[in-house]
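Just so it is clear, none of the values below were taken in a lab; they were calculated from the coordinates. Bear in mind the structure is a predicted one, so any value in this text is a computation, not a measurement. For neighbour counting, all protein chains shown are included, and Cβ atoms are generated from backbone atoms with ideal geometry for every residue, glycine included.
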Amino acid sequence: MIESPELQQVDRTYVQYKGRKLIYFAGCDYFRMASHPEVLKAVKDGLDQYGLNVAASRLTTGNHKLYGLLEGSLANFFGAESALLASNGYAPNLMVAQALAGQFSHALIDERAHCALVDAAQLLDCPIIKFKHRSPDDLGQILKRLGKIKPLFMTDGMFSHDGSIAPLQEYVHLLPAQGLILLDDAHGAGILGKTGRGTPEHAGVPRKQIIQTITLSKAFGVYGGAVLGSNSLKKSIVAKSRLFVGNTPLPLPLANAAIQSIRILKADKNLRKRLIQNTNTFKVALNNGGFEIQNNSSPVVPIIPQNAKQTARLNQQLLTSGIYPPFIKYPGGPQSGYFRFVFSSEHTQEQLNLLLKALLV
Ligand SMILES: Cc1ncc(COP(=O)(O)O)c(C=O)c1O
């Protein structure tokens, strides 16, 4: 049974909920690309020009020029040697693990890594060791204990449950020369870094030993995923990943829309500027109001109620202010649930003020 409410997103920053139109500070459509008129037009044009579905693996008769074009756009946007598409954002991690299985002595994974990485680790054919959440110290201790190893570090870039960011620079310093980092950057991609290239750009580290996996469903607002890495990694995945070989690629209208979304995100620098502005305005005001909010550039802000009474009160305050209460339970977050607010570039100052008023009463 799925017990979470059924929502219909409307007018970019609202949802329809139980007959009411409420302001929506949730989801991961950080630039509201899923409702951008040009992205929606690209879906329609793609359908008219190319049809819906190739209905075959890319390695048989399901390859199409749009996939190559989208991979080129992604490689260019992220400054990667190559990009390889996946049909969603969960799959790239599994594809990488299938391609690299047997090549590492140990997988060292953040204890709160996303379930996609947890599943990928099972495919690597080596011992898996968890390190403490976002802790280079613990990772360093483990490395010291294990001696000479060839590890794969596995971590999210921006953690979706609370918006915290992995200390990637420290991890790169700890990484032995023959090791690699598998970085699930589903939430960092398009968001973090000066040009939106994600957590590596945010941390100021070279891509050389990093395999970055991304989704097209969040900052890009469409659907699908990709692996960003070297040409030789791409070759290995195509040769060895059962998931890549035996899976139908994403529908063609979505590939067309993703190309358009990348183009918009690259051209319109104001989108990221507005997102940062909205995030900062909110975080500063909440900190001034006595909340302890992480001081980083992540647009995800968790508020964890102390008890059921506080949850009910906050829920009511939000509803009274015309705001959807984004109370969720999700792996990685507190078991009893929490409010997870997410900002977009498209929220207005007035909407932010309403939220602040509701939280600071
Ligand atoms: C860290 C992380 N990785 C992978 C995924 C999967 O991406 P998608 O839902 O676009 O398939 C998610 C989705 O929520 C995620 O948060």
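I need the Debye-formula profile for region 135-217: one equal scatterer per C-alpha, no solvent, reported as log10 I(q)/I(0) at q = 0.21, 0.26 1/Å, two decimals.
-0.93, -1.30
Taking only C-alpha pairs under 8 Å that are 6+ residues apart, what is the relative contact order of the chain in percent?
Details: 709 pairs, mean separation 88.3, N = 361.
Relative contact order, the chain: 24 percent.
State the antiparallel share, in %, of DSSP beta bridges confined to the chain, rounding to the nearest 5.
Numbers: 23 of 41 bridges.
Antiparallel bridges make up about 55 percent of those DSSP assigns within the chain.
For region 242-350, which GluC sites (Glu not before Pro) pass both filters: DSSP loop (anything but H, G, I, E, B) and at most 13 other C-beta atoms within 10 Å?
Numbers: sites: 292, 346, 350; in loops: 292, 346.
Answer in residue order: 292.
If r is the Cβ-Cβ distance from residue 7 to residue 146 and R0 is 35 Å, what FRET efficiency results, to the nearest 0.05? Intermediate values should be presented prior to the final figure.
Numbers: r = 46 Å, r/R0 = 1.32.
Here the calculated transfer efficiency is 0.15.
How big is the gap, in Å, between the Cα center of region 212-246 and the Cα center of region 255-327?
Using only Cα atoms, the two centres lie 28 Å from each other.
If I build a Gaussian network model for the chain, linking alpha-carbon pairs within less than 10 angstrom, which residue out of 60, 13, 348 has the largest mean-square fluctuation?
Between 60, 13, 348, it is 60 that shows the largest mean-square fluctuation.
Under a point spin-label approximation (7 Å from Cα along Cα-to-Cβ), what is the residue 316-residue 16 distance to one decimal in nm?
In this crude spin-label approximation the distance works out to 2.9 nm.
Highest mean first, what order results for 15-28, 176-189 on Cβ atoms within 10 Å? Intermediate values should be presented prior to the final figure.
Values: 15-28: 17.3, 176-189: 24.0.
Order by mean packing, descending: 176-189, 15-28.
Based on the Cα gyration tensor of region 1-141, what are the three equivalent ellipsoid semi-axes, each the root of five times an eigenvalue, rounded to whole Å and given largest first?
On the way: eigenvalues 224, 137, 46 Å².
Equivalent-ellipsoid dimensions as semi-axes: 33, 26, 15 Å.
Determine how many Å³ per residue the convex hull of the Cα atoms of region 37-267 encloses.
Details: hull volume 24.5 nm³, N = 231.
Taking the convex hull of the Cα positions in region 37-267, it is 106 Å³ per residue.
Would any residue of region 197-215 have its amide N under 12 Å from a label point 7 Å out along Cα→Cβ of residue 239? List them or say none.
The answer is none, because no backbone nitrogen lies closer than 12 Å to the label point.
What is the set of long-range amide H partners of residue 53 at a cut-off below 5 Å, with H atoms built 1.01 Å from backbone N?
252
Counting each DSSP H run of 4 or more residues in the chain as -39500 (n - 2.57), what helix-only mean residue ellipticity at 222 nm follows after dividing by all residues, to the nearest 500 deg cm²/dmol?
Values: 13 runs with 144 residues, N = 361.
Mean residue ellipticity at 222 nm (helix-derived): -12000 deg cm²/dmol.
In what sequence, highest mean first, do 197-205, 314-322 appear when ranked by Cβ atoms within 10 angstrom? Let's see the in-between values first.
Values: 197-205: 22.1, 314-322: 15.9.
My ranking of the peptides, most packed first, is 197-205, 314-322.
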